[in-house]
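Undergrad: I have a structure I would like to understand better, so I am pasting it below and will then ask my questions one at a time.
What follows draws every value from the coordinates through simple rules; no lab data is involved. Being a predicted model, the structure only gives us computed values, none of them experimental. Glycine also receives a Cβ, built like all others from the backbone with ideal geometry; neighbour counts cover every protein chain displayed.
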DNA sequence: TATGCTACCTAACAAACGTTAGGTAGCCAA
DNA sequence: TTGGCTACCTAACGTTTGTTAGGTAGCATA
């Protein structure tokens, strides 16, 4: 969905935007169609239902996140390297494609049971990647953590949250924010 | 809203629950009325509109948060004490009243302009309290932070996130999670 | 006994919604 | 030249929605 050429991709992109603005139940398909340059009924040539649009959006986004994070991590050696890469990636991805990621984080409750299970499974795979980095840090380098899952969630929420307030052109750019958060996560606030 | 006696309070409490389940646009007033034990139209004896229910909910919650945090902080002396109290409070409040706080965090976009401004003003007051603790820690104790606002947001997102996955009866109770997060925020993961 | 207020009820309105049926223009292959 | 496919269009459907109008039962006050 980097360069939306097909109408289907345009629809997905506009849907992400609209769902974020109004929420899934608040968004309406005639408005979506208008933004994509077609008539309301024509959406059903590309998707079976409103629900399918939401599902495709979330499913694609989760797959993309897993794939990219895995790739970014492939060169790294130590748990510390991997942790820093993950913090950077998670923040950058959420800030770069804020609509898709926001929806993936917030609209789970609006997925029908089957779709819910499929998306949650991918989300868990993503979390597992991070969890294993933290576990490795604990085992190999004595990181101070008992339940890796606890810290995985802290990291995810903290980093994902950046996209809710970040505006480019502010005092800090994305890389600087990511660096600050990575340091916070590694060293805390208190001086050593 | 601790012990809902009046029908109005029951409505607010059920609305919080319903809005969290379905989102504000997805929730419908007949269902809300049913849960509160009255008929659809009777809601309008207590509130002028659906929007007013959302606003009252968010506005009351924000006021309550500010008041309680201020009170909890009143006995504390050092920035470090205050920081730990804040982490504990924010997590506990979000876990204890998860519906209200979830809505306050997520439904801002559904407030009409006037209501939006009023709630955001209170949210900013709350953030300011935390920001000033971090600034004091920097000034008085040399905490490693440049932009207090950056870390305020990290803290808020990290702690608020707990309510999205916490289930009582799990491996850790709320106080233990709060303690772990406070330590993470102060000292980071790496051993000293 | 009359008045008025509170806290509801019933029934309906108008608008908006997701979805569907049926049609059409353009293109490509046979 | 025909047939079929893709990508749309228009118009309508049935339902659900927030909201309102008008009525009523119970209670307190005068």
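Undergrad: Within region A:51-82, name every residue whose backbone N is under 13 Å away from a label modeled 7 Å from Cα of residue A:141 along the Cβ vector.
TA: Answer for this model: A:76-82.
Undergrad: Debye calculation, C-alpha points only, no solvent: report log10 I(q)/I(0) for region A:95-192 at q = 0.10, 0.11 Å⁻¹, in the same order as the q values.
TA: -0.36, -0.43
Undergrad: A follow-up question, please. Can you classify region A:69-134 as rounded, prolate or oblate using the Cα gyration tensor, where a ≥ b ≥ c are the square roots of its eigenvalues, rounded means a/c under 1.5, and otherwise it's prolate if a/b beats b/c and oblate if not? All intermediate terms of the calculation are to be shown ahead of the outcome.
TA: On the way: a/c = 3.18, a/b = 1.73, b/c = 1.84.
Here region A:69-134 falls in the oblate category.
Undergrad: Students often check this: by mean Cβ neighbours within 10 Å, which of A:34-42, A:22-30, A:9-17, B:29-37 ranks highest, and how do the rest follow? Each step should come with its number before you reach the end.
TA: Working: A:34-42: 13.8, A:22-30: 17.8, A:9-17: 20.8, B:29-37: 15.8.
Peptide ranking by packing, descending: A:9-17, A:22-30, B:29-37, A:34-42.
Undergrad: When the convex hull of the Cα atoms of chain A is projected onto a plane and the area is averaged over all directions, what value comes out in nm²?
TA: 12.6 nm²
Undergrad: When the Debye formula is applied to the Cα atoms of the protein assembly as shown, each taken as the same point scatterer, what base-10 log of I(q)/I(0) results at q = 0.06, 0.08 Å⁻¹?
TA: With no solvent term, the Cα-only Debye profile gives -0.25, -0.45.
Undergrad: If we hang a label 7 Å off Cα along the beta carbon direction at residue B:108, how far is it from the matching labels on the other copies, in nm, shortest first?
TA: So the label point of residue B:108 gives 2.2 nm to the other copies.
Undergrad: Sticking with this structure for a sec: At 0.36 nm per residue, minus the direct Cα-Cα distance, what do residue A:35 and residue A:67 gain on full extension? Give it in nm, one decimal, please.
TA: Details: separation 32, 0.36 × 32 = 11.52 nm, distance 2.97 nm.
Stretched out fully, the residue A:35 to residue A:67 stretch lengthens by 8.6 nm.
Undergrad: Measure nothing but the geometry: give the 0 to 90° angle between the long axis through the Cα atoms of A:174-187 and the longest principal axis through the Cα atoms of chain A, rounded to 10°.
TA: The answer is roughly 40 degrees.
Undergrad: Sort A:55, B:47 so that the residue with the fewest other Cβ atoms within 10 Å of its own Cβ comes first and the one with the most comes last. Spell out each step's value before the answer.
TA: Details: A:55 22, B:47 18.
Ranking A:55, B:47 by Cβ neighbours within 10 Å, fewest first, gives B:47, A:55.
Undergrad: For the pair residue A:192 and residue A:60, what calculated FRET efficiency results from E = 1/(1 + (r/R0)^6), where r is the Cβ-Cβ distance and R0 = 45 Å, to the nearest 0.05? Write down the numbers at each step before the final one.
TA: Details: r = 43 Å, r/R0 = 0.96.
Using R0 = 45 Å, I get an efficiency of 0.55.
Undergrad: Follow-up question, since we're still on this one. Once the principal axes of the Cα atoms of region B:1-105 are found, what is the range along each, listed largest first in whole angstroms?
TA: That gives 53, 24, 19 Å along the principal axes, largest extent first.
Undergrad: Round to the nearest 10 and give me the degree value, 0 to 90, for the angle of helix B:113-141's Cα axis relative to the longest principal axis of chain B.
TA: Roughly 20 degrees between the two axes.
Undergrad: Count, for each residue of B:155-166, the Cβ atoms from other chains sitting within 10 Å of its Cβ, then give me the mean as a whole number.
TA: So the per-residue partner count for this stretch is 5.
Undergrad: Given a Förster distance of 45 angstrom, what is the FRET efficiency for residue A:128 paired with residue B:114, based on the Cβ-Cβ distance and rounded to 0.05? Walk me through the numbers on the way to the answer.
TA: Values: r = 45 Å, r/R0 = 0.99.
E(calc), rounded to 0.05, equals 0.50.
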